[in-house]
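A.B. asks: This is the structure, below, for whatever I ask next.
The values are calculated or read from the model by the stated rules, or taken from the named source; none is laboratory data. What you see is a predicted model; the values in this text were computed from it and never measured. Cβ atoms come from the backbone with ideal geometry, glycine included; neighbour counts cover every protein chain shown.
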Amino acid sequence: MKRRNFLKASAAAVAVPFFGIGAEGFGKSRASRLAAGEKIRLGVVACAGRMGLGPGRGILNNMCDDCEIVCLCDPDPSRWDKTRSVVKFRQPQTDVSKIRAYYDYREMLAKEGSRLDAVAIATPNHHHASAALMAMSMGLHVYVEKPMALTVDEVKLMHAAAKRHGIVTQVGNHGHSEEGMRVLVECIQAGMIGQVREVWCYDDRVNAMFVRPPSASPPAGMDWDSWCGPAPVCDYYAPDANHQGLHPHDWHSWIGYGNGSIGNMGTHIIDPVFWALRLGEVRPETVVANRADWGCPGSWTWRTEIEWKFPARKGMDPVTLHWVDGVNEGVPYDADHVDLIGCCRKREFQNLPPAVLEAERRHGTDLGALGSLFIGEKGMIKIGPHGNGLVFMPKDLRKNFGNVPRILPREKGMNHQIDWIRAVRRPERPAGCCFDYSAPLAETVLLGNVAPRAGAGKVLRWDGERILNDEAANAYLRTTYRKGWELVGASPRRGPAA
């Protein structure tokens, strides 16, 4: 049966495994065998990109030693062999031609779900919730790339589903598993810089469009309808001198498909702030976009300045978290100033926080193009976006403070994907970025999408479930879904999305 006809003809049958498996599901039924060391049977949702561009690269590279890759899916068949090449590199003995390939994860899960223990998802953001919820409803463990979902509502649905089904989860903010992140957390929580009441997060990305490129035909053989998936079917546009094309990368720039610059890098950059300052224990009380300069219709902002205010935590004062991204006034968005993935080619082209520039001037240091700057009573610490690039100010701050207690565990051979795999084998040991940790982080990041849409300067009051002082802005907490792509489970909110 042809794939498209299969999907139409089997919609009712597909609903049975998605809704009727129960908490044990497929993956959990083999828990004792996985704990004993049997290979995890993995389905791959989206090839190349973050999953892996070739041998030795990407998140799949770190999973292959512990996993049997059963199947894969991607609407662009030219990418299937990229994933197979990663597997062949790590598992030379494996006949990768037997890894079955699909255009659509709905079909893959319907046909292969009973043969899987887990799935790894590295799609564009608008597929994260759809694929993860389908997999979790079948009892399959889930690794999903950052950001956790497209909208705040999707984050809540995914978190609830993981708890309901007892699923082992991980979100792909991989810096969380690095040593530098642990050192930062221990230094902050030991009181090295005293109370932290302000943090500046800054990013050199410009994930926006000033003009939509002309439409083109999708790559030969690609199923563009499946790529669009839950979102409306949009026109494809091809790579040119200024852009990588809607596929494989520029979807970051479009509302309904990606989440702009903060969605691309915010999970990485804000993660150390959340961990070190224990922001997951509370919720932001307010969020405001102090500046929001919009691209063309349908695109995200090309320059944004956002501010969240968090209440006190035990032993920690209230803190204001700032986000700054984009290009400076008058800097063109062209190949001379911004590269193909949206990074400013020179630091002077980007919109940088004055607090960062002042810290550099005062301490005679370079704080780089992106990261998080913690401003404390007794000094400052800056960390890069992936758990690296620690800078202490003044320079002798760490030396003069003395020994910092090691309060966080270290495991030999750990990386972010292995952290998840070990949790699959030992569910009593959650992964570092499981949904319990990642959902509050993702909600904060995605509120950074809501505030600019509500209007620059509008202070939104947030109670953890809804915006209290702007009913219209609540529509930006959710999205809509095409027929046949509805999420497993009802939305926790009522009313239309915007």
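A.B. asks: Report every pair of residues separated by at least 6 positions or lying on different chains whose Cβ atoms are under 7 Å apart, first residue within the range 389-413 and farther than 14 Å from residue 183 by Cβ and outside the structural domain of residue 65 (by TED's automatic domain parsing), second among the β-branched types (Val, Ile, Thr) and at pLDDT 95 or above.
C.D. replies: Correct list of pairs: 393/365.
A.B. asks: Does residue 272 fit the bill of being assigned by TED's automatic domain parsing to the domain that holds residue 187 and either of a type in the set (A, V, I, L, M) or surrounded by fewer than 23 Cβ atoms within 10 Å (Cβ to Cβ) (or both)?
C.D. replies: no
A.B. asks: Quick check on the range 396-420: of everything there that is outside any helix (DSSP H, G or I) and of a type in the set (Lys, Arg), which residue is surrounded by the fewest Cβ atoms within 10 Å (Cβ to Cβ)?
C.D. replies: Only one residue tops the list, namely 412.
A.B. asks: Among 185, 168, 206, 142, which is β-branched (Val, Ile, Thr) and over 22 Å from residue 432 (Cα atoms)?
C.D. replies: Of the residues listed, the single one that is β-branched (Val, Ile, Thr) and over 22 Å from residue 432 (Cα atoms) is 206.
A.B. asks: Just to be sure, is residue 50 part of a helix (DSSP H, G or I) and within 25 Å of residue 139 (Cα to Cα)?
C.D. replies: Yes.
A.B. asks: Could you please let me know if residue 389 is surrounded by 14 or more Cβ atoms within 10 Å (Cβ to Cβ), out of contact with any helix residue (DSSP H, G or I) (no Cβ under 6 Å at 6 or more places or on another chain), small (Gly, Ala, Ser) and part of a loop (DSSP other than H, G, I, E, B)?
C.D. replies: Yes.
A.B. asks: Let me ask you something else. Go through the range 446-464 and give me each residue that's assigned to a loop (DSSP other than H, G, I, E, B) and surrounded by 14 or more Cβ atoms within 10 Å (Cβ to Cβ).
C.D. replies: Across the range 446-464, the qualifying residues are 455, 456, 458, 459.
A.B. asks: Enumerate the pairs (first residue in the range 268-295 and in a helix (DSSP H, G or I); second residue anywhere and of a type in the set (Phe, Trp, Tyr) and buried (at least 22 other Cβ atoms within 10 Å of the Cβ)) with beta-carbon separation below 7 Å, excluding pairs fewer than 6 apart on the same chain, so at least 6 apart or on different chains.
C.D. replies: As it stands, the answer is 279/310; 280/274, since those pairs meet every condition given.
A.B. asks: Can you pull out every residue in the range 286-324 that is among the acidic types (Asp, Glu) and surrounded by fewer than 16 Cβ atoms within 10 Å (Cβ to Cβ)?
C.D. replies: Scanning the range 286-324 gives a single hit, 317.
A.B. asks: Also: Out of 128, 141, which single residue is buried (at least 24 other Cβ atoms within 10 Å of the Cβ), in the same structural domain as residue 72 (by TED's automatic domain parsing) and farther than 27 Å from residue 256 by Cβ?
C.D. replies: Going through 128, 141 in turn, the sole match is 141.
A.B. asks: Would you be able to say whether some residue in the range 156-169 is in contact with a Lys or Arg (Cβ under 6 Å, 6 or more places away or on another chain), touching a residue at least 40 places away in the same chain (Cβ under 8 Å) and surrounded by fewer than 24 Cβ atoms within 10 Å (Cβ to Cβ)?
C.D. replies: Within the range 156-169, none of the residues are in contact with a Lys or Arg (Cβ under 6 Å, 6 or more places away or on another chain), touching a residue at least 40 places away in the same chain (Cβ under 8 Å) and surrounded by fewer than 24 Cβ atoms within 10 Å (Cβ to Cβ).
A.B. asks: Further question: Output the number of residues of the range 89-102 satisfying the condition of being of a type in the set (D, E, K, R), over 14 Å from residue 46 (Cα atoms) and under 27 Å from the mean Cα position of the chain (by Cα).
C.D. replies: 1
A.B. asks: Can you tell me which of (1) assigned to a loop (DSSP other than H, G, I, E, B); (2) among the polar types (S, T, N, Q); (3) under 27 Å from the mean Cα position of the chain (by Cα) is the one residue 365 doesn't meet?
C.D. replies: (3)
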